């Protein structure tokens, strides 16, 4: 066995403390990590907007008058905010639900299938989750804003 001199071996970088300003901007998060973070964000959005969800549900099924007032909130506005703001809040809620649902199905599939636990499946299923949730959000957002 030959021992190499300490100067001949390449010294690996040593990270003892991570600096958020210098190290994190250069770190490239994998697609599965982005989906995981967005899954948590979408769950938090749904939790925070729960009073808005309950209000929408209550006003949409109570009576015809309350449904007309509900539609007016999205067309004219309510509480001093224009209707487009309320539509954006509803669009955020639509995205949060769709992304959380699809990412949850992805996690369930990975929990039940041993073949689904691989780097390739993680990358492809993360791309599928992002594409489907964004696509469905665009379709339902176009309907919400009256494009069709």
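From the list 72, 83, the one residue that fits, being surrounded by 11 or more Cβ atoms within 10 Å (Cβ to Cβ), in contact with a strand residue (DSSP E or B) (Cβ under 6 Å, 6 or more places away or on another chain) and modelled with pLDDT under 85, is 83.
Quick one: which residue in 49, 93 is closer than 23 Å to residue 147 by Cβ, out of contact with any strand residue (DSSP E or B) (no Cβ under 8 Å at 6 or more places or on another chain), modelled with pLDDT of 85 or more and surrounded by 11 or more Cβ atoms within 10 Å (Cβ to Cβ)? Within the list 49, 93, the selection yields 93. Within segment 85-127, can you find the residues that are within 18 Å of residue 142 (Cα to Cα) and in contact (Cβ under 8 Å) with a residue 60 or more places away in the chain? Scanning segment 85-127 gives a single hit, 99.
Looking at segment 120-142, is at least one residue part of a helix (DSSP H, G or I), within 29 Å of residue 54 (Cβ to Cβ) and more than 17 Å from the chain's Cα centre (by Cα)? Within segment 120-142, one or more residues are part of a helix (DSSP H, G or I), within 29 Å of residue 54 (Cβ to Cβ) and more than 17 Å from the chain's Cα centre (by Cα).
The values are calculated or read from the model by the stated rules, or taken from the named source; none is laboratory data. Owing to the predicted nature of the structure, the values given are computational and were not obtained by experimental measurement. We place every Cβ from the backbone using ideal geometry, glycine too, and count neighbours over all the protein chains shown.
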